[in-house]
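See below for the structure under consideration.
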Amino acid sequence: MIDEQILDEILPVPDREELKNSIVQELKDEGFRISNFNSGGIFYTLLMIVIQIRIELVKLLRKVLNNVFLSHAEDVWLELKAADFSKKRKQPTKTKGYVTLERDAPGDAVKIAKGDIFKTEQDINGEELRFLAVEDTVLQKDSLSQKVLVLAEKEGAKYNVPPGQINKSLTHIEGIDRIFNDSDWLVQEGSDLEDIESLRDRTLNSWAELSTMPIADKYKNVCEGVEGVLFVKVDDMHPRGQGTIDIIVTSTAGAATQDLLDKVEAQAVTIKGPYDNLLVKSSEIVEQDFDIVIYIAEDASDEGVKEKGEAIITDLMKIRKDRELNRLYLDDIRYALKSGIQVYKKSDIISPADDVILSNDKVIMLGLLNITVERV
């Protein structure tokens, strides 16, 4: 938003009373025949309508002026400005991956029909995430396991769930003992509608794309335009020898799938320098276990406190644009717990024992979570 002081200098909003008095004085000076300018009179009412129209018109012009500039444009105005730079807002996508079905003993063939629904457990807010089988699949006779390709019910990064979260079937599948998604279950990351500030940054960085030879910012801006990409870090300091460039991709799920890396590489190749040796790779995932003791008031009920704490830590560790993905501070953990739990008094964070600071090519994700509730 353009600073209010600047807007007041360019397009000041007139004061209603001052404007009325000024107009009335001008009319009197011109010998206007109507002399009743008192409140409640017909001419007074008409005059105030005209004044209000002028004030609203100035406010509209201030808003238009604010949205003329890329640095200040808002919402759809920014999308219109971004189009002038050949940039479009990245649209939301659906998560796609494999759910594994297992049984303990061989048996008859089991058919999983297209459209069968697998889901997560309900969270503390009663929400469950559903995934639909995209094709007919058969667990062959005497086979013990089978992977089923599933697609998220809706778009969104929240469907990029950690391993082991998809563990239920909406319909009973005879003979199946376990349902789960393993560590490399993702085929395509789901993503949310691009944040408006992210679009602004990409559009402002379009100037880097004008360079004759590709520079780090040019690679970064082009590669971050791929749907499903959250961040791109470009290491152009010859990481593998003279002329080598590493493009490190962080997806909306943390680690980038091979499908996403292929898409990023295809974009990078379009601007590749004649002597550049490119390597497109995923950020490295580092799982962080949590062991926390939450202390509550002596006379407070502990009902739901453990579940609330688990939900808070899970949300804190979600992959998102405004989180420092390679840093984890103990003070942030305590602040989140104190803000979200009404009866919270203090906490002992056993693991991690200290702040976690990693290099820029690493992403800290939630590992095992153990929360104990005690009274002070």
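The values are calculated or read from the model by the stated rules, or taken from the named source; none is laboratory data. What you see is a predicted model; the values in this text were computed from it and never measured. Note: ideal-geometry Cβ built from the backbone for every residue, glycine included; neighbour counts use all protein chains shown.
Suppose we filter Ser86, Ser39, Ser35 for residues that are of a type in the set (Ser, Thr, Tyr), exposed (fewer than 15 other Cβ atoms within 10 Å of the Cβ), at pLDDT below 95 and farther than 30 Å from Arg16 by Cβ; which single one remains? Before the answer, list the steps.
Working: Ser39 fails: farther than 30 Å from Arg16 by Cβ; Ser35 fails: farther than 30 Å from Arg16 by Cβ.
Selected residue: Ser86, the only one of Ser86, Ser39, Ser35 that is of a type in the set (Ser, Thr, Tyr), exposed (fewer than 15 other Cβ atoms within 10 Å of the Cβ), at pLDDT below 95 and farther than 30 Å from Arg16 by Cβ.
When residues of region 183-221 are filtered for being surrounded by 17 or more Cβ atoms within 10 Å (Cβ to Cβ), more than 15 Å from the chain's Cα centre (by Cα) and of a type in the set (Ser, Thr, Tyr), how many remain?
Number of matching residues: 3.
Which numbered condition in (1) within 20 Å of Val293 (Cβ to Cβ); (2) at pLDDT 95 or above is the only one that Arg375 fails?
(2)
Considering every residue within region 126-137, establish whether at least one is buried (at least 16 other Cβ atoms within 10 Å of the Cβ), within 21 Å of Leu369 (Cα to Cα) and within 33 Å of the chain's Cα centre (by Cα).
Yes, region 126-137 contains a residue that is buried (at least 16 other Cβ atoms within 10 Å of the Cβ), within 21 Å of Leu369 (Cα to Cα) and within 33 Å of the chain's Cα centre (by Cα).
So is Glu26 over 30 Å from Arg200 (Cα atoms), out of contact with any helix residue (DSSP H, G or I) (no Cβ under 8 Å at 6 or more places or on another chain) and not basic (Lys, Arg) or not? Give the steps one after another, and end with the answer.
Values: over 30 Å from Arg200 (Cα atoms): yes; out of contact with any helix residue (DSSP H, G or I) (no Cβ under 8 Å at 6 or more places or on another chain): yes; not basic (Lys, Arg): yes.
Yes, satisfied.
Could you check region 31-64 and list, in sequence order, the residues that are under 24 Å from Ile10 (Cα atoms) and not hydrophobic (A, V, I, L, M, F, W, C)?
Selection gives Gln52, Arg54, Glu56, Lys59, Arg62, Lys63.
Output the residue which, of all residues in region 94-119 that are farther than 15 Å from Asp182 by Cα, in contact (Cβ under 8 Å) with a residue 40 or more places away in the chain and hydrophobic (A, V, I, L, M, F, W, C), is surrounded by the most Cβ atoms within 10 Å (Cβ to Cβ).
Initially, region 94-119 is screened for residues farther than 15 Å from Asp182 by Cα, giving 94, 103-117.
Retained after the next criterion (residues that are in contact (Cβ under 8 Å) with a residue 40 or more places away in the chain): 94, 103-104, 107-108, 110, 112, 116-117.
Imposing the further condition that a residue be hydrophobic (A, V, I, L, M, F, W, C) reduces the set to 110, 112, 117.
On the way: Val110: 18, Ile112: 23, Ile117: 14.
Step by step, filter region 94-119, then rank; the result is Ile112.
Hey, any hits in region 263-271 for a residue that's within 29 Å of Gln122 (Cα to Cα), of a type outside the set (A, V, I, L, M) and without any contact (Cβ under 8 Å) to a residue 60 or more places away in the chain?
Just the residues of region 263-271 that are within 29 Å of Gln122 (Cα to Cα), to begin with: none.
So far as region 263-271 goes, no, none of its residues is within 29 Å of Gln122 (Cα to Cα), of a type outside the set (A, V, I, L, M) and without any contact (Cβ under 8 Å) to a residue 60 or more places away in the chain.
Do we find that Ile333 is among the β-branched types (Val, Ile, Thr), under 22 Å from Gln165 (Cβ atoms) and at pLDDT 95 or above in this structure? Spell out the reasoning first.
Numbers: among the β-branched types (Val, Ile, Thr): yes; under 22 Å from Gln165 (Cβ atoms): yes; at pLDDT 95 or above: yes.
Judged against the criteria, Ile333 is a match.
Say we look at region 342-376 and pick out the residues that are polar (S, T, N, Q) and without any contact (Cβ under 8 Å) to a residue 40 or more places away in the chain; which of these is farthest from Asp332 (Cα to Cα)?
Applying the first criterion (polar (S, T, N, Q)) to region 342-376 yields 342, 347, 351, 359-360, 370, 372.
Applying the additional criterion that residues be without any contact (Cβ under 8 Å) to a residue 40 or more places away in the chain yields 342, 359.
Values: Gln342: 17, Ser359: 19 Å.
It comes out as Ser359.
Determine, yes or no, whether Ile313 is of a type in the set (Val, Ile, Thr) and over 20 Å from the mean Cα position of the chain (by Cα). Give the derivation first.
On the way: of a type in the set (Val, Ile, Thr): yes; over 20 Å from the mean Cα position of the chain (by Cα): no.
Criteria not met by Ile313.
Given the conditions (1) at pLDDT below 85; (2) surrounded by 12 or more Cβ atoms within 10 Å (Cβ to Cβ); (3) under 29 Å from Phe69 (Cα atoms), and given that Met1 satisfies all but one, which numbered condition is not satisfied?
Exception for Met1: condition (2).
Just name the residue that is nearest to the chain's Cα centre (by Cα) out of those in region 230-243 that are of a type outside the set (A, V, I, L, M, F, W, C) and in a strand (DSSP E or B). Explain how you work it out, then say what you get.
Taking region 230-243 and keeping what is of a type outside the set (A, V, I, L, M, F, W, C), we get 233, 235-236, 238-243.
Narrowing further to those that are in a strand (DSSP E or B): 233, 235, 239, 241.
Working: Lys233: 18, Asp235: 24, Pro239: 30, Gly241: 35 Å.
Of everything passing the filter in region 230-243, Lys233 is nearest to the chain's Cα centre (by Cα).
Take region 294-305 and flag every residue that is out of contact with any Gly (no Cβ under 8 Å at 6 or more places or on another chain) and either among the acidic types (Asp, Glu) or surrounded by 15 or more Cβ atoms within 10 Å (Cβ to Cβ) (or both).
Within region 294-305, Tyr295, Ile296, Glu298, Asp299, Ala300, Asp302, Glu303, Val305 meet the criteria.
Could you please give the count of residues in region 66-83 that are part of a loop (DSSP other than H, G, I, E, B) and surrounded by fewer than 19 Cβ atoms within 10 Å (Cβ to Cβ)? Don't jump to the end; show me each part of the working.
Here is the first cut: in region 66-83, the residues part of a loop (DSSP other than H, G, I, E, B) are 69-74.
Still in the list and also surrounded by fewer than 19 Cβ atoms within 10 Å (Cβ to Cβ): 69-72, 74.
Number of matching residues: 5.
Given the criteria buried (at least 18 other Cβ atoms within 10 Å of the Cβ), more than 25 Å from Glu194 (Cβ to Cβ) and touching a Phe, Trp or Tyr at 6+ places or on another chain (Cβ under 9 Å), does Leu325 qualify?
Details: buried (at least 18 other Cβ atoms within 10 Å of the Cβ): yes; more than 25 Å from Glu194 (Cβ to Cβ): no; touching a Phe, Trp or Tyr at 6+ places or on another chain (Cβ under 9 Å): yes.
So Leu325 fails the test.
If Glu155 meets every condition in (1) in contact (Cβ under 8 Å) with a residue 40 or more places away in the chain; (2) surrounded by 12 or more Cβ atoms within 10 Å (Cβ to Cβ); (3) out of contact with any strand residue (DSSP E or B) (no Cβ under 8 Å at 6 or more places or on another chain) apart from one, which number is that one?
The one condition Glu155 does not meet is (3).
Of the conditions (1) buried (at least 17 other Cβ atoms within 10 Å of the Cβ); (2) at pLDDT 95 or above, Ala266 clears all except one; give me its number.
Unmet for Ala266, out of (1) buried (at least 17 other Cβ atoms within 10 Å of the Cβ); (2) at pLDDT 95 or above: (1).
Just a yes or no: is a residue in region 159-166 touching a helix residue (DSSP H, G or I) at 6+ places or on another chain (Cβ under 7 Å) and within 23 Å of Thr252 (Cα to Cα)? Step through it out loud before you land on a result.
So in region 159-166, the residues touching a helix residue (DSSP H, G or I) at 6+ places or on another chain (Cβ under 7 Å) come out as none.
No, because not a single residue in region 159-166 is touching a helix residue (DSSP H, G or I) at 6+ places or on another chain (Cβ under 7 Å) and within 23 Å of Thr252 (Cα to Cα).
Given the criterion surrounded by 18 or more Cβ atoms within 10 Å (Cβ to Cβ) and either touching a Ser or Thr at 6+ places or on another chain (Cβ under 8 Å) or among the acidic types (Asp, Glu) (or both), identify the matching residue among Glu284, Glu224. Outline the logic, then answer.
Values: Glu284 fails: surrounded by 18 or more Cβ atoms within 10 Å (Cβ to Cβ).
Exactly one of Glu284, Glu224 is surrounded by 18 or more Cβ atoms within 10 Å (Cβ to Cβ) and either touching a Ser or Thr at 6+ places or on another chain (Cβ under 8 Å) or among the acidic types (Asp, Glu) (or both), namely Glu224.
I'd like to check something: does region 73-90 contain any residue that is hydroxyl-bearing (Ser, Thr, Tyr) and in contact with a Leu (Cβ under 9 Å, 6 or more places away or on another chain)? First the steps, then the outcome.
Narrowing region 73-90 to residues hydroxyl-bearing (Ser, Thr, Tyr): 86.
Filter again for in contact with a Leu (Cβ under 9 Å, 6 or more places away or on another chain), leaving none.
Within region 73-90 (the criterion being hydroxyl-bearing (Ser, Thr, Tyr) and in contact with a Leu (Cβ under 9 Å, 6 or more places away or on another chain)), the answer is no, since none of the residues qualifies.
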